[in-house]
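The values are calculated or read from the model by the stated rules, or taken from the named source; none is laboratory data. Note that the coordinates shown come from a computational prediction; the quantities given were computed from them, not determined experimentally. A quick note on method: Cβ atoms are made from the backbone with ideal geometry, for glycine too, and the neighbour counts reach across all protein chains shown.
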Amino acid sequence: MRLSHTKSPTVKPTWLAILTLVLVTAVHAEESWFTGDVGMAVLNTQGVVRGAHDRNDLIPYLAFDAGPMFGRIDTFGVRTLPVGYGHLEILAQFRNDGFSAPGLSRRQDSVPVGIGTLQVTPLGAFEFKLLRDLGPSDGMLLQARYLAEAKLNKLTLYPELGFEVMDRRYVDFYFGPRQSEAGSGAQSWHASSALNAFVGVLAELPITGPWVLNAYARLTRMDDAIANSPLVSQSWRSTAMVALAYRF
């Protein structure tokens, strides 16, 4: 996590509303109906666009099951029909691809909504998502990842390996220069779809009583379709998160 050129954490009102709703639900729910972690987290996302600072966001940490509803840190949804080792899910995802940079138009965060499934098998968990950005890019995202589990005394590790496909519209909106941005090289660059690979790990450590410390790190290799953009300064992006949560 880079410490230089960062901004103070900001709180998103929408996510505070979600956290409040989940806390109220948890307090009034039967223990067998609501299980999981509820807390707050600081999320750091490395800026890859020239002139854009790293982002530090203060967000709810929600990893829970509540009947057919669920939260998986950045993904929230409802389980529907049984499929294999899991269910067909209707879901939405929190992303922070948006940025501000000198001389560039501000890019707002996307609003991905779609379908997916989490297949928890004897060999590990496989997750697949197909999402459409209802926000400014109007693009599509296809995600797939594998998660394992390893216990070291009280510490539990969840290593992950996966990839994400961004269609041309998504790449163009977030990583492509616009004609109005002087000196951005807009005329010499053409957007195309991108395949980004990533590796990460989530760590859980009980502290005292129901309180749990969670830490997450991910390193993403950006496709050349993104790295070759005149706006992009590097081909690797790091993400890190630290959270304190109450376990129900």
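Before moving on, here are some points about what is shown:
- Within the range 95-114, the set of residues being in contact with a Leu (Cβ under 9 Å, 6 or more places away or on another chain), assigned to a loop (DSSP other than H, G, I, E, B) and not small (Gly, Ala, Ser) comprises Arg95, Asn96, Leu104, Val111.
- Qualifying residue in the range 209-216 (condition: in contact (Cβ under 8 Å) with a residue 24 or more places away in the chain, under 30 Å from Leu152 (Cβ atoms), small (Gly, Ala, Ser) and in contact with a Pro (Cβ under 8 Å, 6 or more places away or on another chain)): no
- Members of the range 30-73 that are among the β-branched types (Val, Ile, Thr) and in a strand (DSSP E or B): Thr35, Val38, Val42, Thr45, Val49, Ile59
- Annotation: Phe99 fulfils all but one of (1) touching a helix residue (DSSP H, G or I) at 6+ places or on another chain (Cβ under 6 Å); (2) farther than 22 Å from Gly77 by Cβ; the unmet one is (1).
- Inspection of the range 203-219 identifies no residue that is over 21 Å from the mean Cα position of the chain (by Cα) and at pLDDT below 90.
- Candidates Ser180, Ser233: the one that is more than 29 Å from Thr35 (Cα to Cα), surrounded by fewer than 17 Cβ atoms within 10 Å (Cβ to Cβ), in contact with a Gly (Cβ under 9 Å, 6 or more places away or on another chain) and in contact (Cβ under 8 Å) with a residue 12 or more places away in the chain is Ser233.
- Filtered residues of the range 118-146 (kept if under 17 Å from Arg79 (Cβ atoms), surrounded by fewer than 20 Cβ atoms within 10 Å (Cβ to Cβ) and touching a Phe, Trp or Tyr at 6+ places or on another chain (Cβ under 8 Å)): Gln119, Val120, Thr121, Ala125, Phe126
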